[in-house]
Structures are given as C-alpha cells and as structure tokens.
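A short worksheet on the structure shown next.
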Amino acid sequence: MKTLFLFLFFFFAIDSFATESNRVVVAIEKLQYHPLYYIENGEFKGFARDILDQFFQKKNYSVQYKVLPYLRANKELKEKQVDLMFPDNPLWINDKKSGESFIYSKPIISYTDGLFSLKGHRLKEKGDIKVVGTLFGFTVTPLKERVDSGLVQLKEVFDVEKLLELLYLGRVDAVFLNTSVGLFYDREVSKKRQLELLPMVKHVESGYCFSSISRSDLVLELNDFFKRPIRLGDQAEKKK
C-alpha cells in the first residue's frame with residue numbers, strides 16, 4: 001500500500017510539473033491596431049494572434065494571452081508575472097528597461113512605419129512638416145532630430161482612430177503610423193480613402209519581437225520556429 005501511495009504521489013508530481021512547464025503566459029499590448037492585432041471583448045485577435053497560435057499549438061504549449069497596456073506589461077515581465085511579452089522591440093522605450101536583462105527573439109512579424117498626409121497636401125520637403133501626430137510612446141524615428149531640436153511638434157494620442165481624426169481635421173501636417181494599419185483604418189473604418197505616404201521621408205523597416213527575462217528557452221524555440229519574419233500582405237491595398 002505504501003509503495004502504491006509513493007508511486008501515485010510521484011506520478012502526479014511529475015504530471016503537475018510537466019503541465020506547469022508547458023504553461024506560458026504572454027502579455028499582449030492593449031492596442032487597437034487592426035488588422036495586425038486588436039482586442040475584442042477582452043480577447044486578443046488579428047493577424048498576429050493567428051501567427052502566434054501556430055507556434056504554441058505546434059509546440060503543445062498551453063498559452064494564456066494577458067492583455068495589458070505596454071508599460072504595465074513591461075512591469076509584469078520584470079516581476080516575472082508573465083513569461084513573454086508581445087509585441088516588443090529592443091528599440092522601444094529603452095529608459096523603462098534599464099537595469100534588467102531583457103532577451104529578445106528575432107523579429108516574428110516584419111512591418112513598415114511611415115508618415116502619412118492627406119491627398120493633395122502641399123508638403124514638398126521635410127522642413128514643411130511642422131506638426132506630427134503619433135501614438136503615445138511611439139518614436140517618430142525619421143524626424144527624431146527635428147523633434148528633439150523643437151523644429152517639429154508632436155501631438156500624441158492613445159488610439160489610431162483619434163490619430164487619423166487629427167489629420168482629417170487639419171490639426172497636424174502628418175501622422176506617423178504602421179502603413180498597413182493606416183491604410184486599413186483609412187479605407188475600411190473611416191471609408192475616407194484620403195491617406196498618402198510622404199515620399200520625402202524614409203520609411204522605417206523593423207519587426208515585432210517577443211521579449212522575456214526568465215524564459216530564454218522559449219525565445220530560442222521561437223527563433224528556431226520562425227526562420228524569417230512574416231509580413232502581413234497589404235490587405236487594404238488589395239481592396240482599393
């Protein structure tokens with residue numbers, strides 16, 4: 001009887017350990033960023049969800065997506081309340097990451113950020129851009145020097161629709177935004193079809209990564225699984 005008890009004890013202990021090791025909590029940035037990723041009824045959805053699910057299902061992980069504002073997600077990652085954070089990038093809000101050993105995956109999804117203005121605009125060179133709208137916490141990389149020197153004023157908002165409204169109402173000269181996201185909202189949400197990328201300002205080519213502090217093993221698995229970054233096809237462009 002004692003032998004049977006010990007056998008059952010160790011069996012359930014091992015089973016519990018295996019289950020725990022297969023459980024992954026991922027902090028997802030709370031942002032409406034259609035079609036890349038967005039939150040609907042508290043649930044993480046979009047192109048990124050489909051891509052991430054492929055990995056976790058293939059590797060037999062039990063995943064919990066925890067939707068949080070970016071800075072709160074960053075804090076919970078530091079406190080090891082979550083295993084991974086997505087999306088993230090080594091260049092984002094570096095002053096909030098000091099003193100911690102963040103580990104980043106290779107880019108999982110590639111993206112392009114650019115400056116949009118309205119069709120028929122009179123902007124001919126960088127110097128004509130005086131006021132730029134952007135999402136809170138985003139760095140307008142192509143104009144960073146001009147922003148830092150006070151030549152360009154920023155207007156920051158917390159969601160894409162409000163950001164584009166600034167442009168439609170003429171309160172900013174341009175907005176800095178992911179190109180797929182900007183075109184989607186302009187054509188599929190507002191139906192205005194007024195956006196035009198500014199050619200005189202270089203676009204930013206980068207990628208959405210996972211970050212972690214405690215799960216380097218998962219980061220290595222992600223790097224092995226995603227051999228190269230996946231790009232969202234410009235769905236909005238196809239629907240013109």
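The values are calculated or read from the model by the stated rules, or taken from the named source; none is laboratory data. This is a predicted model, so every value here is computed, not measured. With ideal geometry, Cβ positions are generated from the backbone for all residues, glycine too; neighbour counts draw on all protein chains shown. Note: accessible area is taken over every heavy atom of the protein model, side chains too, but ligands, DNA and RNA are not part of it. Shrake-Rupley method; radii C 1.70, N 1.55, O 1.52, S 1.80 Å.
Quick notes on this structure:
- Annotation: of all residues in region 87-110 being modelled with pLDDT under 95 and either touching a Phe, Trp or Tyr at 6+ places or on another chain (Cβ under 6 Å) or aromatic (Phe, Trp, Tyr) (or both), the one that is farthest from Leu167 (Cα to Cα) is Phe102.
- Filter pass, Tyr185 being within 20 Å of the chain's Cα centre (by Cα) and either on the phi < 0 side of the Ramachandran plot or in contact (Cβ under 8 Å) with a residue 60 or more places away in the chain (or both): yes
- Of everything in region 130-144 that is open to solvent by 70 Å² or more (accessible area, probe 1.4 Å) and in a helix (DSSP H, G or I), the residue that is nearest to Tyr38 (Cα to Cα) is Thr141.
- Listed conditions (1) open to solvent by less than 10 Å² (accessible area, probe 1.4 Å); (2) on the phi > 0 side of the Ramachandran plot are all met by Phe56, apart from (2).
- Residue, nearest to Leu135 (Cα to Cα), within region 64-82, restricted to residues that are part of a helix (DSSP H, G or I) and within 13 Å of the chain's Cα centre (by Cα): Tyr70
- Residue within region 108-129 that is under 17 Å from Ser206 (Cα atoms), in a loop (DSSP other than H, G, I, E, B) and either free of Cβ contacts under 8 Å to residues at least 60 places away in the same chain or open to solvent by less than 50 Å² (accessible area, probe 1.4 Å) (or both) present: yes
- Comparison of Tyr61, Tyr104 shows that the only residue that is hydroxyl-bearing (Ser, Thr, Tyr), open to solvent by 50 Å² or more (accessible area, probe 1.4 Å) and within 19 Å of Val25 (Cα to Cα) is Tyr104.
- Within region 108-136, considering residues that are more than 21 Å from Leu151 (Cβ to Cβ) and of a type in the set (Gly, Ala, Ser), the one nearest to the chain's Cα centre (by Cα): Ser110
- Taking (1) assigned to a strand (DSSP E or B); (2) modelled with pLDDT under 95 in turn, Ala27 satisfies each apart from (2).
- Taken residue by residue, region 88-103 has at least one member that is of a type in the set (A, V, I, L, M), assigned to a loop (DSSP other than H, G, I, E, B) and on the phi > 0 side of the Ramachandran plot.
- Close pairs from region 140-167: first among the basic types (Lys, Arg), partner open to solvent by 90 Å² or more (accessible area, probe 1.4 Å), Cβ under 9 Å, at least 6 apart: Lys155/Arg171
- If you go through region 145-156 and keep only what is of a type outside the set (Asp, Glu) and under 16 Å from Phe116 (Cα atoms), you end up with Val152, Gln153, Leu154, Lys155.
- Candidate set from region 26-53 (those that are under 23 Å from Lys78 (Cβ atoms) and of a type outside the set (Val, Ile, Thr)); member that is surrounded by the most Cβ atoms within 10 Å (Cβ to Cβ): Ala27
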